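Structure first, commentary second.
Where a number appears in this text, it was derived from the coordinates with a stated rule and is not lab data. Model, not experiment: these values are computed from the prediction. Every residue, glycine as well, gets a Cβ built from its backbone with ideal geometry; the counts of neighbours run over all protein chains shown.
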Amino acid sequence: MPNIPSERLYDLAFLIARAMGSSETEARDVAEHLVAANLAGHDSHGIGMFPDYVRMLHAGLLVPNQTLELVADRGGVLVLDAKRGFGQAMAKEAMRRGIERAKQNGSVVVALRNSAHVGRIGHWAEQCCAAGMVSIHFVNVGDHDPLQAPYACSDARLGTNPFAVGVPGPDGKPLLLLDMATSAIAFGKARVARNKGVPVPEGVLIDEHGRPTTDPTIYVDTRKGALLAFGGHKGSGLAILCEVLGAAVTGGMTIAPHHARQDGIVNSMLSFVLDASAVGDPMQIARETLAVGDWIKASPPAPGFTEVLLPGEPEQRSRERRLAEGVPIDDKSLADILAAARSLGLSDAELDRALGR
Ligand SMILES: NC(=O)c1ccc[n+]([C@@H]2O[C@H](COP(=O)([O-])OP(=O)(O)OC[C@H]3O[C@@H](n4cnc5c(N)ncnc54)[C@H](O)[C@@H]3O)[C@@H](O)[C@H]2O)c1
C-alpha cells in the first residue's frame with residue numbers, strides 16, 4: 001500500500017466518525033485528532049484506533065455526541081464528567097474551558113473523568129500551548145485489562161498510563177513537548193514487533209511467570225505477561241501517580257478491581273494549566289527554554305547516536321515528513337479499519353471515494 005495523503009486519511013476518518021453517529025463538529029474533532037496522531041508518527045493512536053472505537057460503540061462503551069457535564073466549579077478547579085463521550089471531543093472541550101479559566105485566573109486545574117479514549121495526550125498539551133499555556137497532564141486507563149507491571153510486581157496491575165508536559169513558544173507551538181506512556185514501550189510497539197517476528201528490547205517485558213523475556217508473541221496473543229514500567233522504581237512511581245491523580249483524584253474509574261472492567265478504554269485526566277504570562281514575560285521564558293535546549297543539543301552525541309534530540313522533536317520531524325510524503329498505513333491496519341467501517345453500513349464505493357481511489 002503506498003503512503004496515503006493526510007487529506008485522504010482525514011476524509012476517511014470523518015466519514016467513519018459520521019457513520020458512528022457523531023455530529024459534523026464531533027466528527028471533525030475526531031478526524032483531526034486521529035490524523036494528527038498519524039502525522040506525529042504515533043500510528044498506535046491514529047486512525048488505526050477505529051476498529052476499537054467501533055467495537056466500543058457497538059458494546060455501548062463509547063457514546064457519540066455526549067455533553068460534557070460540569071460537576072463542580074471552584075474557580076481554580078473545574079471538575080468535568082465525560083460519561084464515555086468521544087474522548088477527542090470531550091478532552092478538547094475540557095481544555096477549551098480550562099484555557100478560558102486560566103486566562104482569567106492565571107491557572108486552573110481541570111479534572112476530567114470517565115472519557116472514552118482521549119488519544120494522544122500531547123495533542124491536549126499542544127492545544128494549551130497554542131493559547132500560551134504551560135500544561136501538565138496525568139492520565140489513567142480504566143475499564144481495560146491492565147498491561148503494565150509496576151516495579152517489583154510479577155504481573156500487570158496498571159494501564160500504560162500516559163503523562164505529558166508542554167511548554168509553549170511565542171508562536172503557540174510547543175518548544176518542548178514530553179508525551180509518553182509510562183510503560184517502557186507502548187503496547188502497539190510490542191504488537192508491531194510480534195507481527196514482524198522480531199524481539200522487543202531487553203528490560204521491557206516479563207512473561208506470565210514474571211521472568212524477563214524479549215519474545216512478544218505470547219504477551220501480544222494472549223496478554224499473559226506484562227510490559228514493565230519505564231525507568232525502574234522511578235518510572236513505576238510516576239505510573240502509579242498517573243493512576244491516582246488521573247482517576248482517584250478526578251473521581252474517575254481507577255483500575256482497582258471493584259470497578260468491573262468491560263473491555264472499553266476509559267481515560268481520566270488531571271491537567272494543570274498555567275498561563276505563561278501570569279508568571280513572567282513569555283518571551284523571556286521562551287529564550288531561557290531555547291537556551292537550555294541549545295545547551296543540551298550541543299553535547300557531542302554519545303557512541304551509537306548521531307544527534308541529540310529534545311522531547312517533541314521526533315514528532316515535529318515526522319509531521320513535516322508525513323505532510324509532504326503521506327502516511328504509511330500497513331495493509332492489515334487498513335483492512336481492519338475498512339472492515340470496521342463496513343460494519344457501520346458504509347459501502348466500498350463510499351470508502352474508495354474517501355480514499356481517492
Ligand atoms: N490515551 C491513552 O490511554 C494512552 C495510553 C498510553 C500512551 N498514549 C499515547 O501514546 C503515544 C506514544 O507514547 P510512547 O511512550 O510510545 O512515546 P515515545 O516513546 O515514542 O516518545 C515519548 C517521548 O519521548 C520523546 N522522544 C522520543 N524519542 C526521543 C529521542 N531520541 N530523543 C529525545 N526525546 C525523544 C518524544 O518526543 C516523546 O515526548 C503518546 O502520544 C501517548 O500520549 C495514550
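Note down the nm distance, to one decimal, between modelled labels 7 Å out along Cα→Cβ at Ala335 and at Ile218.
Simple spin-label model gives 2.8 nm for this pair.
Could you sort 153-164, 217-228 so that the peptide with the highest average Cβ count within 10 Å comes first and the rest follow in order?
So the peptides 153-164, 217-228, ranked by packing, come out 153-164, 217-228.
Sort the following peptides by mean Cβ neighbour count (other Cβ atoms within 10 Å, averaged over residues), highest first: 316-324, 181-189, 32-40.
Packing order, densest peptide first, comes out as 32-40, 181-189, 316-324.
For segment 184-227, count all C-alpha to C-alpha pairs, find those more than 15 Å apart, and express that count as a whole percent of the total.
25
How much mean residue ellipticity at 222 nm does the chain get from its helices, if each DSSP H run of length 4 or more adds -39500 (n - 2.57) and you divide by all residues, to the nearest 500 deg cm²/dmol?
-12500 deg cm²/dmol
Binned at 5 Å from 0, what are the whole-percent values of the Cα-Cα distance distribution for segment 170-292, short to long?
2, 9, 13, 15, 15, 15, 12, 8, 6, 4, 1
Filter the trypsin sites (Lys or Arg not before Pro) in segment 31-111 down to the DSSP loop ones having no more than 11 other Cβ atoms within 10 Å, then list what survives.
Loop-located and lightly packed - Arg74.
How long are the semi-axes of the equivalent ellipsoid of the chain, taking √(5λ) for every eigenvalue λ of the Cα gyration tensor, in whole Å from largest down?
28, 26, 24
What is the local net charge at Lys189, summed over the other residues whose Cβ is closer than 12 Å to its Cβ (Lys, Arg +1; Asp, Glu -1)?
+2
Please list, in order along segment 71-81, the HN-Hα scalar couplings obtained from phi with the Karplus expression 6.51 cos²θ - 1.76 cosθ + 1.60 (θ = phi - 60°), rounded to whole Hz, x for Gly and Pro.
Values, residue by residue: 8, 7, 9, 10, x, x, 9, 10, 10, 10, 10 Hz.
Grab the alpha carbons of segment 135-226, take their convex hull, and tell me the volume per residue in Å³.
116
If you count, for each residue, the other Cβ atoms within 10 Å and average over each peptide, how do 207-215, 165-173 line up from highest to lowest?
Top to bottom by mean Cβ count within 10 Å: 165-173, 207-215.
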